[in-house]
1. Find all pairs meeting these conditions: Cβ atoms under 6 angstrom apart; at least six residues apart or on different chains; first residue within the range 14-34 and under 19 Å from L342 (Cβ atoms); second residue surrounded by 13 or more Cβ atoms within 10 Å (Cβ to Cβ) and among the polar types (S, T, N, Q).
2. Out of curiosity, is L295 outside the structural domain of E246 (by TED's automatic domain parsing), surrounded by fewer than 20 Cβ atoms within 10 Å (Cβ to Cβ), under 23 Å from the mean Cα position of the chain (by Cα) and under 30 Å from F200 (Cβ atoms)?
3. Got a sec? Which of I192, I196, I159 is under 15 Å from L109 (Cα atoms) and in contact (Cβ under 8 Å) with a residue 40 or more places away in the chain?
4. Would you confirm whether any residue within the range 83-96 is part of a loop (DSSP other than H, G, I, E, B), touching a helix residue (DSSP H, G or I) at 6+ places or on another chain (Cβ under 7 Å), modelled with pLDDT under 95 and surrounded by fewer than 18 Cβ atoms within 10 Å (Cβ to Cβ)?
5. Any idea how many residues of the range 370-384 are over 10 Å from G326 (Cβ atoms) and among the small types (G, A, S)?
6. So which residues in the range 14-61 are closer than 14 Å to A85 by Cβ, of a type in the set (V, I, T) and out of contact with any helix residue (DSSP H, G or I) (no Cβ under 8 Å at 6 or more places or on another chain), if there are any at all?
7. Test S363 against the criterion of being loosely packed, with under 12 Cβ neighbours inside 10 Å and either over 24 Å from F217 (Cβ atoms) or free of Cβ contacts under 8 Å to residues at least 40 places away in the same chain (or both), and give yes or no.
Amino acid sequence: MPHLHIEEFKTIELPVSQDNVSFGFIATNNTNENEKLISVKVDEDEFFLLAKSDESRNLLKTDKLTRPASIYNVHKALMTYAKLADLNIIASNVLEGAKNVHLEEVTALKSINYFASNFPTDKEVRIEVGFGSGRHLLHQAANNPDILFIGIEIHRPSIEQVLKQVSIQNLNNLLVLDYDARLFMELVPSNIVGKIYVHFPVPWDKKPHRRVISTSFIEESRRVLKVNGTLELRTDSENYYAYSYETFIAFNKTILHINKNKEIAVSSKYEDRWKKMEKNIYDVTMINEEESDNLLIEGDFSFSPYNFTDEKLLALHGVTKKWESGFIHFERVYKTDDGVMLRISMGSFDRPEHLYVVLNKKSFSYYPSLPLKSKSNLLAHKYLNEVLNG
């Protein structure tokens, strides 16, 4: 992760802008004054820088929760703040310089709001979850120019690697998203997807609740897939294969194709390595045979006027509110110059969303953007409003 090891963190007068980088406000962790968040905007990316100090060192880096896909924008924000605050940098893995020419040209990287506001529906869609090096995704896009491919990945270097290839190969049918695929599926319109690829997902043997394949993911896949569309899992993990098979077969009605050591047109570098190690590769393909009802989600994320004092908001640290299908957990509470900021996780138990809520006398808002408009998040927002109103 990009970071600066600094002698001492210093605050600056805010708001301030320099070199197309804007800093808005600072929030201080109410239970740990050595942790501060600095809001920043670079181009269209809004996120936090995180200043954290302990007995051994002082670091300035990006907040993991809001970190944008553009590593270049992260580097620019870090160096701009360091210059404005006149920080003494002891060590750094931050690169300075111009953005790669291919990343300047490419427009394939999209935010979740792009899909939430106007999901492209004019052609068949195929989705790859966790594309890694991008070999398979790029091969499919290059060989199927009339199909729109959406690649979802949270590993920033992999994202930039694929974006460079999109520019080099001049691909105009591939979009890239840095987001949780489980949440993304909730906003995809029904019956428009031809294939969903889940190739070599992280097994999560010790944390199975984090696996992509789950009952809810399969349900959403069945909804978004066309008739005869497929959800294709490919894995080298026998445990993941066995777990996934049991999850698929638990449905009252399903069609599955099982393959072992099946050859495909293009393989990842990891698959090549596993084949050399003579590891078995398993494929589970679910075929959808039913048309689904159209997606209908009603509601919004507006806040009601709240009557909480700052003291009561600060006391929410560590509090959890649960209901039958979801929860809100107040992970941390921060103080700002004119109010309070909450870091919360909310939504369904198996795919919660993590975000910030800024509360002051003038406004109440999510930062840096609204939650995904899903049924579980809208219900969670309703409960959040109730909590804030006592």
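The values are calculated or read from the model by the stated rules, or taken from the named source; none is laboratory data. No experiment lies behind these values; they were computed from the predicted model shown. Using ideal geometry, Cβ is built from the backbone for each residue, glycine included, and neighbour counts are taken over all protein chains shown.
1. G24/S39; F25/S39; F25/T336; A27/T336
2. Spelling it out, L295 is indeed outside the structural domain of E246 (by TED's automatic domain parsing), surrounded by fewer than 20 Cβ atoms within 10 Å (Cβ to Cβ), under 23 Å from the mean Cα position of the chain (by Cα) and under 30 Å from F200 (Cβ atoms).
3. Numbers: I192 fails: under 15 Å from L109 (Cα atoms); I196 fails: under 15 Å from L109 (Cα atoms).
When all the criteria are applied, what remains is I159.
4. yes
5. Taking the range 370-384 first, the residues over 10 Å from G326 (Cβ atoms) are 370-374, 378, 381-382, 384.
Still in the running and among the small types (G, A, S): 374.
Residues in the range 370-384 being over 10 Å from G326 (Cβ atoms) and among the small types (G, A, S): 1 in total.
6. Listed by number, the list holds a single entry, I26.
7. So S363 fits the description; yes.
Conditions tested, residue by residue: (1) surrounded by 14 or more Cβ atoms within 10 Å (Cβ to Cβ); (2) under 23 Å from the mean Cα position of the chain (by Cα).
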| site | (1), (2) |
| --- | --- |
| E8 | no, no |
| V16 | no, no |
| N20 | no, no |
| I26 | yes, no |
| T31 | no, no |
| S39 | yes, yes |
| E44 | no, yes |
